[in-house]
Amino acid sequence: MNKKAVVELKQIKKSFPGVQALKGFDFNIYEHEILGLVGENGAGKTTLVKILNGLFHADGGEYFLRGKKSTIKDPLDAIKEGVGMVFQEGCTLPNLTIAENLFLCHEDVFKKNGFLQTRKMNQAAKELTKEMGLFVSPTTVCNQLTPAQKQMVEISRLLWLSKLYGKENPILILDEPTTVLLEKEVDNLFAILKEVKKQASIILISHRLEEIVENSDRIAIFKDGDFVTEMTQAEAEIEKIEQFMVGRELAEEHYRESEQRIPEEEVFLEVKDLSLNKFFEPISFKIHKGEIVSLVGLIGSGKEELCQCIAGTMKADQGDISILGKPVKIDSPKDSIRYKLGYIPIDRRQQGLAVDMDLVENINMLVFERLKKYGLLNRKKELENATKWAKETLVKAPSMRSKCANLSGGNQQKVVISKWLSADSQFLILDHPTRGIDVGAKDEIYHRIRQLSNEGKSLLIMCDTLEEDIGLSNRMLIMKDGLLVEEVQCPSDAKPAPVDVIASIV
């Protein structure tokens with residue numbers, strides 16, 4: 001069957017200082033398909049779609065759109081050509097309504113005699129969002145929407161704009177669309193996308209290979225700025241894809257269980273009757289030196305708030321925390337830093353990093369006083385300390401002065417870990433440490449977690465999947481409706497099956 005290419009790329013190249021992001025290759029995107037785009041962080045996927053979207057300009061090669069050579073200058077130009085992108089972080093304006101977001105900068109369509117016909121605009125918004133399965137009033141302000149609903153608004157806008165500019169078969173690019181979605185919302189998204197592809201071509205970027213294999217018509221694999229191979233859905237196997245992506249054998253055990261150690265007898269952190277009104281009831285537990293404890297529960301179980309109370313970003317109503325047997329008072333992040341407690345948040349870009357600062361500045365953020373000499377920052381020490389921890393955590397960057405905003409997700413996560421290790425943290429809270437990270441970077445982070453444990457550091461983790469919680473931890477604490485309901489041992493040679501744990505969670 002002959003497939004019609006809506007996009008043709010010929011020897012596309014792109015370089016950044018110190019990095020050849022795209023090395024030059026031929027690649028097509030066809031009509032009415034869901035194309036899964038996979039590769040390790042830094043493989044070139046994001047650079048490629050930003051060229052398609054007009055955010056970047058290629059240094060060499062040719063870009064053909066619907067058979068004509070493209071000269072897309074910027075994202076607005078791309079929109080006019082029927083190419084749009086829904087970013088992982090989302091682009092809806094929170095203080096505007098659904099209708100206002102949908103038709104932003106194109107309100108003239110709904111004007112008559114110079115006046116905006118609000119009722120007509122809201123009716124059009126209602127009809128558009130209904131097609132996307134979004135049954136919410138068009139006058140709803142977007143800060144009241146769930147992440148899934150915001151995605152529907154963005155997708156609706158892009159499809160409407162392509163019709164407005166008379167472009168058939170638009171190209172819709174989705175960057176990690178399921179990262180912040182619940183399981184039911186993920187199923188709903190892909191059901192809608194399978195309908196959308198009848199009128200569009202969809203490029204799906206995700207590190208969740210299961211959903212790529214299940215929902216893509218074709219899968220393209222990139223590595224080190226080059227197109228490696230492609231396969232149809234029928235040909236796709238996760239193990240085969242991982243091998244092409246990484247180019248090396250991963251650890252035989254998925255979560256490096258053989259590196260799991262038995263914790264020490266000494267208790268590092270003890271929580272006694274800690275509670276926070278409306279979030280969790282009095283909870284008590286201990287974490288030993290070198291122990292990895294996973295906190296497991298559904299959204300609303302109170303696990304996130306419990307971790308934030310320990311990290312000092314929220315303040316508990318009552319209860320006590322002890323470190324190495326001594327009571328401590330943690331009312332702020334400064335207190336947790338003083339007691340060598342580190343917190344690696346789920347949103348590394350917004351909460352874990354200063355993305356407009358470079359690696360050196362981010363890694364040294366908590367230790368600047370230590371790097372001063374005669375009251376002035378010692379630039380040599382600053383660079384040496386940051387370089388040491390970047391090497392320790394295998395950060396890959398063009399230089400130590402590269403801005404963190406330009407790093408891949410996996411490398412950003414490693415910089416956050418480096419920051420806390422530089423501060424000599426002995427206890428780390430890891431909130432979804434592998435979210436949005438490719439399989440190769442995940443393996444490196446699993447190995448780092450094992451190393452930290454083997455060095456005697458204690459870890460409290462919340463993972464993306466129950467399998468990850470079980471695989472990484474020595475012990476699981478299961479929370480439900482604000483209560484600690486069960487404790488499950490997870491020795492390396494006798495891990496419980498997920499099915500045996502689920503009944504306690506739901």
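Of the strands (runs of 3 or more DSSP E) lying entirely inside the range 444-498, those containing at least 1 residues that are assigned by TED's automatic domain parsing to the domain that holds residue 299 and over 26 Å from the mean Cα position of the chain (by Cα) span 483-489.
Is at least one residue of the range 118-127 among the β-branched types (Val, Ile, Thr) and in contact with a Leu (Cβ under 9 Å, 6 or more places away or on another chain)? No: the range 118-127 contains no residue that is among the β-branched types (Val, Ile, Thr) and in contact with a Leu (Cβ under 9 Å, 6 or more places away or on another chain).
Here's the yes/no breakdown for (1) of a type in the set (Gly, Ala, Ser); (2) farther than 25 Å from residue 44 by Cβ; (3) assigned to a helix (DSSP H, G or I):
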site	(1), (2), (3)
177	no, no, no
181	no, yes, no
199	no, yes, no
214	no, no, yes
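If the condition is being small (Gly, Ala, Ser), modelled with pLDDT of 90 or more and under 11 Å from residue 52 (Cα atoms), then the range 68-120 contributes 78, 82, 84.
The criterion of at least 1 residues that are in contact with a helix residue (DSSP H, G or I) (Cβ under 6 Å, 6 or more places away or on another chain) is met, among helices (runs of 4 or more DSSP H) falling completely within the range 29-147, by 75-80, 98-102, 118-131. A Cβ distance below 8 Å, combined with a sequence gap of six or more or placement on separate chains, defines the contacts here; from the range 176-190, residues that are more than 16 Å from residue 463 (Cβ to Cβ) reach residues that are among the polar types (S, T, N, Q) and surrounded by fewer than 14 Cβ atoms within 10 Å (Cβ to Cβ) in the pairs 185/146.
Looking across 180, 228, 246, one residue alone is at pLDDT below 90 and either touching a Gly at 6+ places or on another chain (Cβ under 6 Å) or surrounded by fewer than 19 Cβ atoms within 10 Å (Cβ to Cβ) (or both). It is 246. Filtered by the rule that a residue be part of a loop (DSSP other than H, G, I, E, B), under 12 Å from the mean Cα position of the chain (by Cα) and under 21 Å from residue 287 (Cβ atoms), the range 406-440 gives 432, 433, 434. Remark: pairs (first residue in the range 371-391, free of Cβ contacts under 8 Å to residues at least 24 places away in the same chain; second residue surrounded by 14 or more Cβ atoms within 10 Å (Cβ to Cβ) and among the basic types (Lys, Arg); Cβ separation under 8 Å; 6+ apart in sequence or on different chains) = 371/381; 373/381.
Looking across the range 191-225, just one residue is among the aliphatic types (A, V, I, L, M), surrounded by fewer than 20 Cβ atoms within 10 Å (Cβ to Cβ) and under 20 Å from the mean Cα position of the chain (by Cα), and that is 213. Among the strands (runs of 3 or more DSSP E) confined to the range 300-399, the ones with at least 2 residues that are crowded, with 20+ Cβ neighbours inside 10 Å are located at 341-344.
The values are calculated or read from the model by the stated rules, or taken from the named source; none is laboratory data. As the structure is a computational prediction, the values presented were derived from the model and not from experiment. Quick reminder, even Gly has a Cβ in these numbers, built from the backbone with ideal geometry, and neighbours come from all protein chains shown.
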